[in-house]
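FYI, it's all coordinate maths here, none of it is from the lab. Source: prediction; values computed, not measured. Glycine gets a Cβ as well: all are built from the backbone with ideal geometry, and neighbour counts include every protein chain shown.
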Amino acid sequence: MLNIAICDDEKNICSYIEKRTVECLAKADEEADIKVFYDGSELLQNCRDNPSGFDIIFLDIKMKTINGVECAKLLRETGVESLIVFVTSSAEYVFSGYEVKAFRYILKNDLVNAFDRIFGECLTELRKGTVDFFTVKTASEVRNIPLNDIYYFESNRRVLVIHTRKGEVTFYGKLDDIQKNLAGKDFIRTHQSFLVNALKIKTVKKDSVELSDGEVLPVSKSRATAVKEAYLWSKR
């Protein structure tokens, strides 16, 4: 889940950016916690308490108490590495963004046309080097499924089923081969027929695991110790 901050002393601008953000998230099939601030000092205090709290910050440049550029400088000094997108009514302040490593800027009079593109560029930047995919070839298509979307692989002889948060994908293959391909990716063999994403395990019991979606899968006796270790290691 992403964490997004919107900071602007104009409430109508905050509302508009929040609305468009929700729409863009829905299109990208992403989830986010969105916090709105009407004053730069409130944003600063929040970030001082939690420097890694936000992935994206939409920040107005011209605000009454503290301007956006000064706010961004203080954020960087605090250790905040969020993608900062300046929202401004005038292009004259744009070059100040280079000093604070702003990612992009949007002119307020161009919000309607530019917002979706800028938000998409933010998502692309955040995904760089962080999203791994499992490529599967079915009878009708080739798909790249984010590993974070996968709960587990299930084997029934040569038929494999990928259980994801969006549904099931069926294809032919060997679970042993999948396990080798995903070595080092937090996937653990809990049973001869199941390869589970350890990041999705909610609880581990003697002979079963419960996943974050509530599903319970068996754990064979010979694999119990390895499953417990994988679960604990995935929570590091």
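Here are the numbers:
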quantity	calculated
The stretch 104-189: GluC sites (Glu not before Pro) falling in loop per DSSP and having at most 12 other Cβ within 10 Å	141
Table column - 3J(HN,Hα) (Hz), the stretch 19-25, Karplus curve with 6.51, -1.76, 1.60, x for Gly and Pro	4, 5, 4, 4, 5, 5, 4
Difference of contour (0.36 nm per residue) and Cα-Cα distance, residue 12 to residue 39	8.3 nm
Loop-resident sites, the stretch 108-154, for trypsin sites (Lys or Arg not before Pro), counting at most 14 other Cβ within 10 Å (DSSP)	128
Geometric extent, Cα atoms of the stretch 190-235 - Rg, Dmax (angstrom)	9.2, 25
Using alpha carbons only: equivalent-ellipsoid semi-axes of the chain, gyration tensor based, whole Å	44, 20, 14
Alpha-carbon spread of the stretch 2-127, three principal axes, descending order, Å	33, 30, 25
Residue-averaged [θ]222 nm for the chain, counting only DSSP H segments that reach four residues, each worth -39500 (n - 2.57)	-9500 deg cm²/dmol
The stretch 199-234 and the stretch 28-65: distance between their alpha carbon centers, rounded to Å	37 Å
Size of charge dipole - the chain - debye, nearest 20, with Cβ of Lys, Arg +1 and Asp, Glu -1, no other charges	1200 debye
From phi via Karplus (6.51, -1.76, 1.60), per-residue ³J(HN,Hα) for the stretch 106-122 in Hz, x at Gly/Pro	10, 6, 4, 7, 10, 4, 4, 8, 9, 4, 4, 5, 5, 5, x, 5, 4
Qualifying GluC sites (Glu not before Pro) for the stretch 1-85 [loop in DSSP, other Cβ within 10 Å: at most 11]	31
Equivalent ellipsoid, the stretch 133-234 (semi-axes from 5 times Cα gyration tensor eigenvalues, Å)	22, 14, 12
